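Before any comments, here is the structure.
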Amino acid sequence: MTKRDSQSTSTSQRPKTPGWVSTLQVVGAFLAAVILAIAGLLAGTLGIDVSGNTPAATDVIFQPLPTQVVSLPGRGVTRFTLPQAFGAERGFWRVLFSAPTGSSNRALYQGGVDTELVRAVDAAQRTIDIAAYEFNLPSVTQALLNAAARGVVVRVVTDDAAGFDDEDSTLRQLVEARVRVVIDARRALMHDKFIIFDSTTVWTGSWNFTVNDTYRNNNNILILRSRAVVENFQAEFNEMFDLRLFGPSSPSQTPRPEIRQDNVPIETYFAPEDDVLANILQEVERAQTSIRFMVFSFTVDSIAEAMVARWRAGARVQGIFEVTGSETRFSELPLIFCAGMEARQDGNPFRLHHKVIIIDDQTVITGSFNISQNAVESNDENLLIITDRDLAAEYIAEFDRRWAESRLPQGVTCP
């Protein structure tokens, strides 16, 4: 499970100082060592300083789809499945959903969303910039080592306790290969989960790059091939990597927070510097017919109260809460459930890790942002608001899958 998240109390311990590797370890045959040394020269000397310059963007296309593919006539949407994942794409976007089986047997953890990320890493030609709250996937780690060895510049920003210092983290393997890693040493969280490839494509969503989030927890990953959106995420990454600006110290200077890509409205926000909560509230208050949500943490009264108001005005409200923490006095589950709306707890024996709201079957709100005060005030987070009925239909399909296995709240007593 996720060890710390936006609902968690930040640790009071100071972060451990990482033991930076001063020389490249000798591995394998002489030729392999030469290749890694060349990669090190390309990435610069070992440490945590690097230029924020990125190559000019060029048009790219998504990699070939997996084998099980279904096209939806009239929509231009192609759906595909992996052994433990669902996906769909149309035009500039692709969306992936993890499909955990509930098993604890790691031998069965194959064919998940990490296979698509490995394909993307293998296809990268120049740069890979990663903002990772947690990171321990062996498959992705090896793909990144291979990318660095062939000359791709890989850069990483991560959290301290949940990221670099976590006992399961594989980030030290990257450091040993002269990949530069910047660590957020604050008590709050560097909670982003996004990757930028070759200045052309960004991956974001709720998915931490971990075994748990890939094969045990329910997550979504939104992949956008949009120069404007990439520029927004690149600016945020550079603030953290080059300037070491995290949390409230980070300036609100997103280049283009509201854009249209192929006539689809897209809004990009980063917390805490942008007023993310106000933008979520505005979308909820606009709801006319329906609000669906599936959330790991939901503890902000103003959003719940806005949902109650829209329900009283005639909109249907359905919500799925992660079980952990949902019955505490901080959670909005009791308010929504006891008001008479359709509220459920998730049925995954591990975690529902989504942070998703779907408005009127057309607007999707997603990203790393849990609906919590820590996300609002101190954590580094990102949020996208996209109005596209075809994309919303894919998130509704995921909502329906999760709703089918959900259950009525077990520990909520209404007045």
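Each value in this text was obtained by applying a stated rule to the coordinates, not by laboratory testing. Just so it is clear, the structure is predicted and the values come from calculations on it, not from any experiment. Cβ atoms come from the backbone with ideal geometry, glycine included; neighbour counts cover every protein chain shown.
Would you be so kind as to identify which of VAL181, ALA88, PHE194 lies farthest towards the positive end of the dipole of region 57-240, taking Lys and Arg as +1 and Asp and Glu as -1 on Cβ and the Cα centre as origin?
Farthest towards the positive pole: ALA88.
If packing is taken as the average count of other Cβ atoms within 10 Å, what order do 149-162, 327-340, 108-121 fall into, highest mean first?
Numbers: 149-162: 22.2, 327-340: 18.1, 108-121: 19.7.
Ranked from most to least packed, the peptides come out as 149-162, 108-121, 327-340.
Relative contact order for region 354-415: what is it in percent, counting Cα pairs under 8 Å that are at least 6 residues apart?
31
If you restrict to DSSP beta bridges whose two residues both lie in region 268-404, what percentage is antiparallel, to the nearest 5?
So the antiparallel bridges amount to about 60 percent of the total.
Classify region 196-247 from the C-alpha gyration tensor, please: rounded if a/c falls under 1.5, else prolate or oblate depending on whether a/b exceeds b/c.
Oblate.
For region 57-240, what is the Kirkwood hydrodynamic radius in Å, using each pair of distinct C-alpha atoms?
The Cα-based Kirkwood calculation yields 16.8 Å.
Regarding region 164-275, what's the average projected area of the Cα-atom convex hull, expressed in nm²?
Projected over every direction and averaged, the Cα hull of region 164-275 covers 8.3 nm².
Modelled label-to-label distance, SER103 and GLN288, 7 Å Cα→beta-carbon offset: nm?
Modelled inter-label distance: 4.7 nm.
For region 268-404, what is the relative contact order in percent, using Cα pairs closer than 8 Å and at least 6 residues apart in sequence?
31
For GLU342 and ALA228, calculate 0.36 nm times their separation in residues minus their Cα-Cα distance, and state this gained length in nm to one decimal.
Values: separation 114, 0.36 × 114 = 41.04 nm, distance 3.74 nm.
The GLU342-ALA228 span can extend by a further 37.3 nm.
Determine the shape class of region 268-404: with a ≥ b ≥ c the square roots of the Cα gyration tensor eigenvalues, call it rounded for a/c under 1.5, and otherwise prolate if a/b is greater than b/c, oblate otherwise.
rounded
Where does region 193-347 land on Rg(C-alpha)/(2.2 N^0.38 Å)?
Normalised Cα radius of gyration, region 193-347: 1.17.
Once phi is turned into θ = phi - 60°, what whole-Hz ³J(HN,Hα) does the Karplus curve with 6.51, -1.76 and 1.60 give for every residue of region 181-198, x standing for Gly and Pro?
These are the phi-based 3J(HN,Hα) values: 10, 9, 10, 7, 9, 7, 6, 6, 10, 8, 9, 4, 9, 9, 9, 10, 10, 6 Hz.
Which residues' amide hydrogens lie under 5 Å from the amide hydrogen of ASN208, considering only partners 5 or more residues apart or on another chain, with H built in the peptide plane?
Amide H neighbours of ASN208, under 5 Å, 5+ apart: none.
Report the far tail of the P(r) of region 290-362, meaning the percent of Cα-Cα pairs longer than 21 Å. Before the final figure, lay out each step's value.
Working: 462 of 2628 pairs.
Here the long-distance tail beyond 21 Å is 18 percent of all Cα pairs in region 290-362.
For region 187-314, what relative contact order do you get, as a whole percent, if you take Cα pairs closer than 8 Å and at least 6 residues apart? Could the numbers behind the result be given before it?
On the way: 131 pairs, mean separation 19.7, N = 128.
The normalised contact order for region 187-314 reaches 15 percent.
Please list the non-local residues whose amide H lies under 5 Å from the amide H of ARG316, H modeled 1.01 Å from N, same-chain partners needing a gap of 5 or more.
SER290, ILE291
How many nm is it between the label spots at ASN279 and PHE330, if each spot is 7 Å from the Cα in line with the beta carbon?
Taking the two extended label points, one gets 2.4 nm.
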